[in-house]
Amino acid sequence: MAGKLLQLRKICMFVCAFLVLVYLSLLCLANPSKELIFAISVELLSFGAYIFFYLRRRRGAAAQAGDAVITELSKQFTVVHKLRRAVLWCTTAFWLCAAFTLTLDCAAFSAAFCEHTDLSAAIYRTYPISHAFGLHPGASLEVLAGAYVEAKKYDKAQPLYDEVMDLRLKTFGPVHKEMAALYCDFGDLYTHQGQLARAEKYYRQALSISTALLGDKGSGRAFTRLADCLRDQGRYEEATRQYQIAYDMRCKQFGANSSKVGETLAEWVKLCRLQGLQKEADRMQARVSAIEARQVKVPPLAGTIVSIALFAVSLFVSNFFLGRKGVLTELVVGRMKASLDAQADGTGTAESAAAVRKRLTRLVTLCRFQKKFEEAEHYNALLLALASKPD
């Protein structure tokens, strides 16, 4: 049973890795940016490295020795056996659920990419997976729509945003913070297309909802985007008022040195320069630069570095416990030798010949792994002698 669970868990893990690659590949096709191409390359390299080390380990003595240690510990200590079984069931259940949910969501995502929005919407509505994890229904769909907008493929983004709108309305109703966020997305979509009057309409809809729900703690993003829209229409006085509201709101919510405040100020700088207010623009730009300098910058290879570090830590931990001189390896070998000596002296618990043969087989494997070849030959001779006797 344990072997089948292990096999199922490995299959689910591979399925999840494959589906992540599908997500990244489709996003890359939607918007072939350097970041996504890099992410796919890292994913492929990581997956290839995992396969290489996994196959190499399975063929090596370390894997056989590790299996022998865990098996013997499970037999010697009931608590280890129960813990091992519980961990196996829990991890298998986790990866099975992950593979199932990712398969459904990726199916809807892929259908949307292939422009089958009816099928995509039906899957998202029937299986609101992302909503179960605290996101809005069809969260991955919005990511795809955003990728199309960044790639200036507006004709492909529009039906996806319409689908997201339908999903959110049926889930949250017309007055909800997620609806306000979506109206901002629509505003961004039309801003990119130069339809500023239409974009302004959606930004104001977003503001009406966020203000109704949150009062003076409404959406700083919506106020900033509306100000941008007004600025680009040449309505400088109105834009200034909206930037001031957004600035005050974000300072109150996130602090005067937050990246959100920096975002609003950076857009406000453009307005000041258009108005010929160079000193004011320079002062704001200095604030923006100071805020950016305070932000923690994550290096592009951060994810890869973390993965390598975790892999190195896992190797160290594995070697500490299950290596040639590992704590658990030494413990198990010592207890197995003591048990066999007790069997020979007649003071140990009686076991069947088959059970003793299995223990001797594991001990031979472990002694060879520890490079204690003389002991391995000694126990192998005992094994051969025992094998010649009937059970």
What chymotrypsin sites (Phe, Trp or Tyr not before Pro) in segment 356-391 are in a loop by DSSP, with at most 15 other Cβ atoms within 10 Å of the Cβ? none
Among the listed pairs Lys177/Lys252; Lys82/Lys325; Lys10/Lys372; Lys252/Lys279; Lys34/Lys201, which are separated by more than 23 Å between their Cα atoms? Lys82/Lys325; Lys10/Lys372; Lys252/Lys279; Lys34/Lys201
If one builds a Gaussian network model of the chain from Cα atoms under 10 Å apart, the most fluctuating residue listed among Ala132, Ala93, Ala108 is Ala132
Given only helices, namely DSSP H runs of n ≥ 4 each adding -39500 (n - 2.57), what is the per-residue ellipticity at 222 nm of the chain, to the nearest 500 deg cm²/dmol? -28000 deg cm²/dmol
With θ set to phi - 60° and the Karplus curve 6.51 cos²θ - 1.76 cosθ + 1.60, what are the ³J(HN,Hα) couplings of segment 170-180 in order, to the nearest whole Hz, using x for Gly and Pro? 6, 8, 10, x, x, 10, 7, 4, 5, 5, 4
Length-normalised contact order of segment 192-270 in % [C-alpha pairs under 8 Å, at least 6 apart]: 24
At 7 Å along Cα-to-Cβ for each site, give me the label-to-label distance between Leu83 and Leu6 in nm. 1.8
What is the fewest-to-most order of Tyr183, Tyr124, Tyr247 by other Cβ atoms lying within 10 Å of their Cβ? Tyr247, Tyr183, Tyr124
Once the Cα atoms of helix 34-59 and of the chain are each reduced to a long axis, what angle between those two axes, in degrees from 0 to 90 to the nearest 10, is obtained? 10
Taking θ as phi - 60°, what are the ³J(HN,Hα) couplings along segment 282-296 by the Karplus curve (6.51, -1.76, 1.60), each to the nearest whole Hz, with x for Gly and Pro? 5, 4, 5, 5, 4, 4, 4, 4, 5, 5, 4, 5, 7, 6, 6
Expressed in nm to one decimal, what extension gain is obtained for the pair Val327 and Ala98 from 0.36 nm per residue of sequence separation less their Cα-Cα distance? 79.1 nm
Partners for Lys371 among aspartates and glutamates (Cα-Cα distance below 20 Å; same-chain residues under 8 apart left out): Asp67, Glu72, Glu330
Would you list Phe133, Phe113, Phe100 from fewest to most Cβ contacts within 10 Å? Phe133, Phe100, Phe113
Pull out a ≥ b ≥ c, the square roots of the eigenvalues of the alpha-carbon gyration tensor of segment 174-295, then state rounded if a/c is under 1.5, prolate if not and a/b is larger than b/c, and oblate in the remaining case. oblate
Assign one of three labels to segment 302-385, namely rounded, prolate or oblate, based on the Cα gyration tensor with a ≥ b ≥ c the square roots of its eigenvalues; rounded applies when a/c is under 1.5, prolate when it is not and a/b is larger than b/c, and oblate otherwise. prolate
Tell me the relative contact order for segment 302-385 as a rounded percent, counting alpha carbon contacts under 8 Å between residues six or more apart. 20
Using Cα pairs closer than 8 Å and at least 6 residues apart in sequence, work out the relative contact order for the chain, in percent. 11
Taking only the alpha-carbon atoms of the chain, what semi-axes of the equivalent ellipsoid follow from 5 times the gyration tensor eigenvalues under a square root, in whole Å, largest first? 62, 24, 18
Fewest-first sequence of Cys106, Cys251 by Cβ atoms within 10 Å of each Cβ: Cys251, Cys106
In order over segment 6-18: 3J(HN,Hα) from phi, Karplus 6.51/-1.76/1.60, θ = phi - 60°, whole Hz, x for each Gly or Pro, gives 4, 5, 5, 5, 5, 4, 5, 5, 5, 4, 4, 4, 5
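Just so you know, all these numbers are worked out from the coordinates, no wet-lab data involved. This one's a predicted model, so the numbers in the text were calculated from it and none came from an experiment. We place every Cβ from the backbone using ideal geometry, glycine too, and count neighbours over all the protein chains shown.
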